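Undergrad: Quick one: the structure is below, and I'll ask about it shortly.
Taken together, the values in this text are just the output of simple stated rules run on the coordinates, not laboratory data. Please read all numbers here as calculations on a predicted model, not as lab measurements. Neighbour counts run over all protein chains shown; Cβ positions are idealised from the backbone, glycine included.
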Amino acid sequence: MGEYLLPLAGGVTIGVAVSLMLVLNGRVAGVSGILGGVLTNLFRKTRGDSAWRVLFLLGLFSGGLILRALNPDLLENDLDRSLPLLIVAGLLVGYGTSVGGGCTSGHGICGISRFSPRSILATLIFMVFGILTATVFRLITGGQ
Amino acid sequence: MAGVAAFFVGLIFALGLGLGGMTQPRRVVGFLDLFGDWDPSLIFVMFGALAIHIVMYRWIVRRKAPILGDRFHIPTKKTIDGPLILGAVLFGIGWGLAGYCPAPAITSLATFSLAPVVFVASLLAGMALSHWRRNAGTTGS
């Protein structure tokens, strides 16, 4: 049971963050949407509402600095994915979340909490395809 | 003030991700690999976040407006369409390949190591590609 307490505490912390974003700023804390909004403003050559978006992203990064200072293992990536694979994965995540209108936070937490049918379906689909991909990748590479 | 709030929300969000294990791609892939040596612990991250926000969402939207803003910006789209499904499929594949979804990848930039930097740069390129296609009028979303 102990091994589930930290994930639960992490989840509760995320739930608090997402709720604070809504009650303070009236915004959905969907990370791909917040990042995509900055890109949209750049393409339109306007500053628009980029300030709070960039500050949110800087907060995510600063939280990473704190985690690294607390315990570097929390940010450890020992999966050994090749650079081409990381590039393909990044392109898929960027393109997919932009076209699909959300990621794990926007659809998976904020949308499901609203009982949005779009978000419930999107989350089911990306979970199923994540599971298929991770499983097939292990079978093909014979490793992790 | 809304900017300061957004910064601290991002910071708390990142601490939750790190505490929960979402910033360790091996654990994410271990969670998604149901048929291997399955590590179910990350489902509790989702349970924890949903338990809080399902309740808080309903309580918060009873307000007329957020504390630092003039109105709530909440998605109202209801239709299930092709882009939603295609996007979720592609995102799921990318997530299963690298073990990063957008928020943990941005948080992991704090390590200044190659994997998250390459992943986030490619993620931005993928988003830019979708914006470009949309502006070119090839997709209807």
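Undergrad: Would any residue of region A:1-30 have its amide N under 15 Å from a label point 7 Å out along Cα→Cβ of A:Asn71? List them or say none.
TA: Label zone hits: A:2-11.
Undergrad: Then there is this: Given A:Thr46, A:Ala29, A:Thr97, which one lies farthest toward the positive end of the charge dipole of region A:22-99, if we put +1 on the Cβ of every Lys and Arg and -1 on the Cβ of every Asp and Glu?
TA: A:Thr46
Undergrad: Another question about this same structure. Note down the magnitude of the dipole of the protein assembly as shown about its Cα centre, charges +1 on Lys and Arg C-beta and -1 on Asp and Glu C-beta and zero elsewhere, to the nearest 20 debye.
TA: The calculated dipole for the protein assembly as shown is roughly 1300 debye.
Undergrad: Please average, across the residues of A:32-38, the number of beta carbons from any other chain that are within 10 Å of each residue's own beta carbon, and give a whole number.
TA: If you average over the peptide's residues, the count of other-chain Cβ atoms is 4.
Undergrad: Oh, and also: Which whole-number percent of Cα pairs in the protein assembly as shown have a distance greater than 24 Å?
TA: 45
Undergrad: Could you tally the net charge around A:Tyr4, taking each other residue with its Cβ under 14 Å from the Cβ of A:Tyr4, Lys/Arg +1 and Asp/Glu -1?
TA: -1
Undergrad: Under the √(5λ) rule applied to the eigenvalues of the Cα gyration tensor, what semi-axes describe the equivalent ellipsoid of region B:11-141? Give them in Å, descending.
TA: That gives 26, 24, 17 Å for the three semi-axes.
Undergrad: Residue by residue through A:109-118, how many Cβ atoms from other chains fall within 10 Å of the Cβ on average?
TA: 6
Undergrad: How large is ³J(HN,Hα) for each residue in region A:73-83, as worked out from phi by the Karplus curve 6.51 cos²θ - 1.76 cosθ + 1.60 (θ = phi - 60°), to whole Hz, x for Gly and Pro?
TA: These are the phi-based 3J(HN,Hα) values: 4, 5, 10, 6, 10, 10, 7, 6, 7, 5, 4 Hz.
Undergrad: Which one, A:Gly111, A:Gly36, A:Gly11, has the greatest fluctuation when you compute a Gaussian network model over chain A with C-alpha springs under 10 angstrom?
TA: Judging by the Gaussian network model, the answer is A:Gly11.
Undergrad: Do any chymotrypsin sites (Phe, Trp or Tyr not before Pro) in region A:96-144 lie in a DSSP loop with no more than 14 other beta carbon atoms within 10 Å, and if so, which?
TA: For chymotrypsin sites (Phe, Trp or Tyr not before Pro) across region A:96-144 that sit outside H, G, I, E and B with at most 14 neighbouring Cβ atoms in 10 Å, the list reads A:Phe115.
Undergrad: Taking 0.36 nm per residue of separation and subtracting the Cα-Cα distance, what length does fully extending A:Ser82 through A:Leu121 add?
TA: Full extension of this stretch gives 10.9 nm more.
Undergrad: List the chymotrypsin sites (Phe, Trp or Tyr not before Pro) within region B:11-66 that DSSP assigns to loop and that have no more than 14 neighbouring Cβ atoms inside 10 Å.
TA: Sites meeting the loop and neighbour criteria: B:Phe35, B:Trp38.
Undergrad: To continue, here is another question. What percent do you get for the relative contact order of chain B when only Cα pairs under 8 Å and 6+ apart count?
TA: Rounded, it is 26 percent for chain B.
Undergrad: I need A:Asp78, A:Asp49 ordered by Cβ neighbour count within 10 Å, fewest first.
TA: A:Asp78, A:Asp49
Undergrad: Note down the relative contact order for chain A as a percent, whole number, built from C-alpha pairs under 8 angstrom at least six residues apart.
TA: 25
Undergrad: Of the residues A:Thr104, A:Thr13, A:Thr123, which exhibits the maximal mean-square fluctuation in a Gaussian network model of chain A defined by a 10 Å Cα contact cut-off?
TA: A:Thr13
Undergrad: Considering only B:Ile106, B:Ile85, B:Ile74, give the residue with the highest GNM mean-square fluctuation for chain B, with springs between Cα atoms whenever their separation is below 10 Å.
TA: For chain B, modelled as a Gaussian network with Cα springs under 10 Å, the answer is B:Ile74.
Undergrad: Neighbouring Cβ atoms within 10 Å as the yardstick, rank B:Thr111, A:Thr135 fewest first.
TA: Ascending Cβ contact count within 10 Å gives the list A:Thr135, B:Thr111.
Undergrad: Next question, about the same structure. Taking a ≥ b ≥ c as the square roots of the Cα gyration tensor eigenvalues, with a/c under 1.5 meaning rounded and otherwise prolate when a/b beats b/c, else oblate, which class fits region A:40-144?
TA: oblate
Undergrad: Which Cα, out of B:Pro102, B:His73, B:Leu124, lies furthest along the positive dipole direction of region B:2-135 (beta carbon charges, K/R +1, D/E -1)?
TA: Going by the charge dipole, the pick is B:His73.
Undergrad: Let me ask something else about it. Determine the sum of side-chain charges near B:Thr111: Lys and Arg each +1, Asp and Glu each -1, restricted to other residues whose C-beta is under 10 angstrom from that of B:Thr111.
TA: Spelling it out: positives minus negatives among the neighbours equals 0.
Undergrad: Which ordering of B:Met1, B:Met46 is given by a fewest-first count of other beta-carbon atoms within 10 Å?
TA: Fewest-to-most ranking of B:Met1, B:Met46: B:Met1, B:Met46.
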